[in-house]
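Report on the following structure.
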Number of protein chains: 4
Amino acid sequence: MTYSVAVSGASGYAGGEILRLLAAHPDVEIRTVTAHSTAGQPLVQHQPHLRSLAHLTIQETTPEILAGHDIVFLALPHGQSGQYTDSLGGTPLVIDAGADHRLVSETEWDRFYSGPFHEPWTYGVPELPVGTGKQRENLIGATRIAAPGCNASTVSLSMAPGVSAGVIDPAGIVSVLAVGPSGAGKSLKTKLLASEILGSANPYAVGGTHRHIPEIRQALIAAGAPDPRISFTPVLVPMARGILATSSAPIAPGVSDADLRAAWEDAYNGEAFVQLLPEGQFPRTADVIGANTALIGLAIDRDAGRVVVVAAVDNLVKGTAGAAIQSMNIALGLPEDRALSMNGVAP
Amino acid sequence: MTYSVAVSGASGYAGGEILRLLAAHPDVEIRTVTAHSTAGQPLVQHQPHLRSLAHLTIQETTPEILAGHDIVFLALPHGQSGQYTDSLGGTPLVIDAGADHRLVSETEWDRFYSGPFHEPWTYGVPELPVGTGKQRENLIGATRIAAPGCNASTVSLSMAPGVSAGVIDPAGIVSVLAVGPSGAGKSLKTKLLASEILGSANPYAVGGTHRHIPEIRQALIAAGAPDPRISFTPVLVPMARGILATSSAPIAPGVSDADLRAAWEDAYNGEAFVQLLPEGQFPRTADVIGANTALIGLAIDRDAGRVVVVAAVDNLVKGTAGAAIQSMNIALGLPEDRALSMNGVAP
Amino acid sequence: MTYSVAVSGASGYAGGEILRLLAAHPDVEIRTVTAHSTAGQPLVQHQPHLRSLAHLTIQETTPEILAGHDIVFLALPHGQSGQYTDSLGGTPLVIDAGADHRLVSETEWDRFYSGPFHEPWTYGVPELPVGTGKQRENLIGATRIAAPGCNASTVSLSMAPGVSAGVIDPAGIVSVLAVGPSGAGKSLKTKLLASEILGSANPYAVGGTHRHIPEIRQALIAAGAPDPRISFTPVLVPMARGILATSSAPIAPGVSDADLRAAWEDAYNGEAFVQLLPEGQFPRTADVIGANTALIGLAIDRDAGRVVVVAAVDNLVKGTAGAAIQSMNIALGLPEDRALSMNGVAP
Amino acid sequence: MTYSVAVSGASGYAGGEILRLLAAHPDVEIRTVTAHSTAGQPLVQHQPHLRSLAHLTIQETTPEILAGHDIVFLALPHGQSGQYTDSLGGTPLVIDAGADHRLVSETEWDRFYSGPFHEPWTYGVPELPVGTGKQRENLIGATRIAAPGCNASTVSLSMAPGVSAGVIDPAGIVSVLAVGPSGAGKSLKTKLLASEILGSANPYAVGGTHRHIPEIRQALIAAGAPDPRISFTPVLVPMARGILATSSAPIAPGVSDADLRAAWEDAYNGEAFVQLLPEGQFPRTADVIGANTALIGLAIDRDAGRVVVVAAVDNLVKGTAGAAIQSMNIALGLPEDRALSMNGVAP
């Protein structure tokens, strides 16, 4: 069967990437695209790279317009999904690319976000170790899915294997991320202007204030650490897309190099979209642009007493839209990799 | 008086930056520029931005040609300075921008570098806390100066105040650096091609193998930590110049926020070229391009139990050539800031 | 049926892009990848973004290894294809991404290239106006195809409609192109280093010396201009991929705005991969990255007396590998757009 | 004496660059900085690279606050300078970096700009050929100076020598410019976001609509062409600063190569800040970043019948702020190069 789909937030970066991937998906028909300030305009005016969708006109984002589809994607700013959720009760599958349905803890929500708390939905990172299994199992047949925060899933995938295998100290995690500005959306802010970003590395949310921190903590708790502590610093760098997360943690006492490496090998053995590179190899973001692949390199630094995990992800694909569609494929019983590429576009 | 100067390695990036700064220095005359493969060619062919030096021709780097100047700058690949040192015995001031004379430990040299060990020279980071004083004092009247490694001095300046004040645990330092490719020099390597760097973040020397690690350890030992441990990961990002180092360390037990911040404030109070930004502010590399300024922002993350220090430096100026000339000014008794700008070129 | 394929030059940028596209092509099996200096190494070591081809090992480029496939792609430096051509006599389809078989004029070859002249093959730009038809017709059933030069096909597609309709003066064409460095290949040249390209616009081959000029002239002659004259200047800019060609020509006397625009509309009406944008719209290279699409915008400047045509192309896709595979599809009777995307990867 | 200076528009890019240059000028004291929306805030909050001016607070831009200085710089959006001009009657020297006082023709003003026409001031491009002399002579003792448009002065300097020497056909000029986004100012527009600019070349104002066209025409008329015609296309590329203008024109009948080259050699012989490169050499924008230098390369293409002139300029220095201060130096009788560097900051 062909599923009818509506995508809200269609003029933004996340919405655009959902559309780019869906446009090549043989099992869906993109019937409706919606947004607010751009409603009434051709989609291609705001997504000029989506030539195959040149026939679509952006409609207003309203519950009525979104209703009546088999699948609805919400790619809205944080705090806006909730208002549509209730009226989408009859929609078989809703996938939220925003943060509204990610956190299980209302306390954490209140601390890092504003506005009302919403019930958590099934988290859309299939490969994430959860207890002795994987998050994939929870996604089978899911009807409400929360796509991950891009930085959060990158760091969670980097550290969860070590946590679940008990080979690292989850109280001493440090992550520093080089990130492209598309993760911040199409917002008109001075600090996102090209003149500000070109030729410069720009830290933000320094000191434990970034909203993806509770999401990482939640994932690591699910992986088996009761109280993980993470120092998390994102740095905007001059590349449109991509996250390169360098995460490290103290090696747990008595753990051998072989056991360390085995934790990650076991976690991702057989995974198409989360791949551990051979020893001594580390990924670049260039290797995953446009792809749904997270590439991971691992080094053991006995001088520092830490394991260092470098992960490369396309924030708009594996970090957001690809995760959403991979989760959709699983939920619907389709081949998990449908419309998702393992290969990046490089150079 | 006017000092006569020779600069070796004149066709490379470090040599070029030394020349750019010296060209505006009223107390020196650039008499000789030397290199190897480019000898015989006009300097401006290899440094087309140095229009005021269009009259200079590159000569062969030999002891004879370098001898007879008041000041000699060596901007050569690691391991090459030593061969000239002996024959420059009569030169009043020699400044090495390479690594040959930086390390005091032959063991560390042998572990991270190759070739013969050379005696350590006075280290060219004036603001670095050393015991209860500053490295500046050692530079007064110095005749042999080792300019720092760019990443090393950036991290050392970031962490030394916390070490010397005893407010951090120096065994748990983690530094991740976004760095521009000019730090790697004008080497013809595939990984340094524009097509490889553009749009990509590229980690290298992951897992404790980078040569600047012993140099940082040495500086932190001088600052008062007997056995510092540092996890150090550089990431090449698409900006020609600049280092943004995000360094963090566990807060020592019982240290208050005020005491933490005071450690850095006291260390750099009154310094023109190493400035601690007000609380809540963090630097971008754009703010220091072309300047001899290191800008530092500090955050205290009690959730993670760590102090986070973000430092921005132009690798070619404060990281190399500016440090060399600032040290030269001190050694010669000239005003320390002569020919050095506090202001960056932005955007 | 499934066609067996060999790709030479597999460790370069053009070869890599051919492989990226073929990896998603349902009718081919990539059986053999070859190169010279990288032979014996895993393909993924040199093309780390091609995860789905991680099983392939690079073999030596020899006539023997290339022989015995249904299709052979040659992605070699100019002048190297010829030596394999003879021994590939039994290969049903050979596609050369190099220049060796593009030019019909031995005089032009001798003037712009070196080495022996080779016979011209069918030119792989299906949409190009040729006389009263299109180049597509010549590609049906072709067995030897010369993929175009990326800059050449971009400019030829920009100007040929005006030439064939007789609405411009082909003696006054001026083209200036912003191009990414991947078009220059993975060559180790100082001017292609990231430090040289980042933050800079770099002209090259100024004054009529670029090798794509005779290829453009040849295409415009085929479109109906006996003696076209073109001023052609490429400028390297800091983007890995992409060509933005701004071409203009004097408007022929007495031609109306409507007739001008109609020339391009008629030429590309119904074409999937060469699209004329609506009046007042102009393309960005971001819109076509990863896509096989050439987007064209047209403006009429009566003050200057010129029509201005701006074309955006991904040099590695529509400019090279996509053109090769689109031509292959046509030659084999497959759907022309198989494995080729109309949509770009943006931002 | 020390001149007291006020700079309006101090939080923008042009204002920031004027301040960067003035901060190193020994003959001026920056007494007042003004702006609108940022009034009341520290200057360094909006210009974090100007560390030496950290003591300044932005004041409101009003006639009263600007009055009473020896020199006032206006770096305001087009159409806003006029309101301050009248009340600055007592100010000895006013320099407008905006367009309000550039054009001599009210007709051209009305066609390309909006709002009331203002009287033309002395044009701030000293090296520009005017009749048989240079614009420099008009600047001596000037009290009201209009700094040039950055694209306009770059193209005017490129073509004026050929016009004044009568060696080109001024009716067939074509200029295509690769420009950095800082020329568009710190405006919050989607098309200026980093995500839109990174990795992309973006044409704008295609087809003869750019406001710098009448300014170029005016300069070429002053150089001796009664009715110059120019096709002008700017292309935004991913570099914060810089203009690379590729301009060409038909060679006038019977003009020899030697005469062609001599036109530019004679025009700029002895000029420090506009330099013609030796034959076969062409400039990159990297060579002039931070410098007040315009570098020009010239090629003669007899096949195309055109002379091609490539000019590199830092839009914020020689294109705006440097031109303003160079003009100020001339007007005040100071050394013309005071506080202006001939050397760029590269790489």
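The values are calculated or read from the model by the stated rules, or taken from the named source; none is laboratory data. Computed from a predicted model, the values in this text were never measured in an experiment. Note: ideal-geometry Cβ built from the backbone for every residue, glycine included; neighbour counts use all protein chains shown. For the accessible areas, the whole protein counts, side chains as well, though only heavy atoms, and no ligand, DNA or RNA atoms are used. Shrake-Rupley method; radii C 1.70, N 1.55, O 1.52, S 1.80 Å.
For segment C:122-128, backbone phi angles converted through the Karplus equation (6.51, -1.76, 1.60; θ = phi - 60°) give residue-by-residue couplings of 5, 7, x, 10, x, 7, 5 Hz, Gly and Pro being listed as x.
Going from the chain on its own to the full set of protein chains, segment D:240-256 has these residues losing 20 Å² or more of accessible surface (heavy atoms, 1.4 Å probe, no ligands, DNA or RNA): D:Ala240, D:Arg241, D:Leu244, D:Thr246.
Scaled against the 2.2 N^0.38 Å expected of a compact globular protein of N residues, the Cα radius of gyration of segment C:17-104 reads 1.08. Multiplying the residue separation of B:Ser105 and B:Asp227 by 0.36 nm and removing their Cα-Cα distance gives an extension gain of 42.6 nm.
Under a Gaussian network description of chain D, with springs only between Cα atoms under 10 Å, the residue in D:Ala323, D:Ala171, D:Ala312 that fluctuates furthest is D:Ala171. Taking all Cα pairs closer than 8 Å and separated by 6 or more residues, the relative contact order of segment B:1-128 comes to 22 percent. Inter-copy label distances for A:Gln83: 3.5, 6.8, 7.2 nm (label point placed 7 Å from Cα along Cα→Cβ; shortest first). Per-residue surface analysis assigns C:Arg111 an accessible area of about 140 Å², computed on protein heavy atoms at 1.4 Å probe radius.
Rolling a 1.4 Å probe over the protein heavy atoms of the protein assembly as shown, with every protein chain left in place, gives an accessible area that is 50 percent carbon and sulfur.
Here's how it looks for B:Leu316: its modeled amide H is under 5 Å from those of B:Gly242, which are all 5 or more places away or on a different chain. If you bin all the Cα-Cα distances of the protein assembly as shown at 10 Å, starting from zero, the percentages per bin are 2, 9, 17, 21, 22, 17, 10, 3, 0.
Considering only D:Leu76, D:Leu43, D:Leu56, the Gaussian network model of chain D with Cα springs below 10 Å gives its largest mean-square fluctuation to D:Leu56.
Each other copy places its own label point for C:Ser105 at 3.9, 6.9, 7.4 nm from this one, sorted shortest first, where the point lies 7 Å along the Cα-to-beta carbon line.
Taking a sphere under 13 Å around the Cβ of D:Asn269 and counting the other residues whose Cβ falls inside, with K and R at +1 and D and E at -1, yields a net charge of -2. Here the peptides D:283-289, C:204-210 are ranked by packing, the mean other Cβ count within 10 Å, and the order with the highest first is D:283-289, C:204-210. Shortest first, C:Lys189 label-point distances to identical copies amount to 2.2, 3.4, 4.1 nm, with the label point at 7 Å from Cα along Cα→Cβ. Ranked by solvent-accessible area (1.4 Å probe, protein heavy atoms only, all chains present), the residues D:Arg20, B:Arg338 order from largest to smallest as B:Arg338, D:Arg20.
At 1.4 Å probe size, with every protein chain present, just tell me what the per residue accessible area of segment B:1-160 comes to in Å².
35
The mean number of Cβ atoms from other chains found within 10 Å of a Cβ in peptide A:175-185 is 6, as a whole number.
Put simply, chains B and D cover up around 2100 Å² of each other's accessible surface, both sides summed, when a 1.4 Å probe is used.
What relative contact order, as a whole-number percentage, does segment B:151-313 give when Cα pairs under 8 Å and 6 or more residues apart are counted? Dividing the mean separation by the residue count of segment B:151-313 yields 31 percent.
Please work out the FRET efficiency for the pair B:His55 and A:Arg302, using the Cβ-Cβ distance as r and a Förster radius of 35 Å; give the result to the nearest 0.05. Plugging the Cβ-Cβ distance into 1/(1 + (r/R0)^6) gives 0.05. Taking all protein chains together and a 1.4 Å probe, the residues D:Met159, C:Met1 rank C:Met1, D:Met159 from largest to smallest accessible area. Which residues' amide hydrogens lie under 5 Å from the amide hydrogen of A:Arg306, considering only partners 5 or more residues apart or on another chain, with H built in the peptide plane? Answer set, sorted by chain and number: A:Ile251, A:Asp301. For the segment C:221-234, counting C-beta atoms of other chains within 10 Å of every residue's C-beta and taking the mean gives 3.
Across C:Thr57, C:Thr320, C:Thr34, mean-square fluctuation computed from a Gaussian network of chain C (C-alpha pairs under 10 Å connected) peaks at C:Thr57.
Sorted on the mean count of surrounding Cβ atoms within 10 Å across their residues, most packed first, peptides B:181-191, B:300-310 read B:300-310, B:181-191.
Within the shell defined by Cβ-Cβ distances under 12 Å, the residues around C:Ala178 carry a net charge of +2, with Lys and Arg each +1 and Asp and Glu each -1. Shielding by partners for peptide A:300-307, expressed as the average number of C-beta atoms from other protein chains within 10 Å of each residue's C-beta, is 6.
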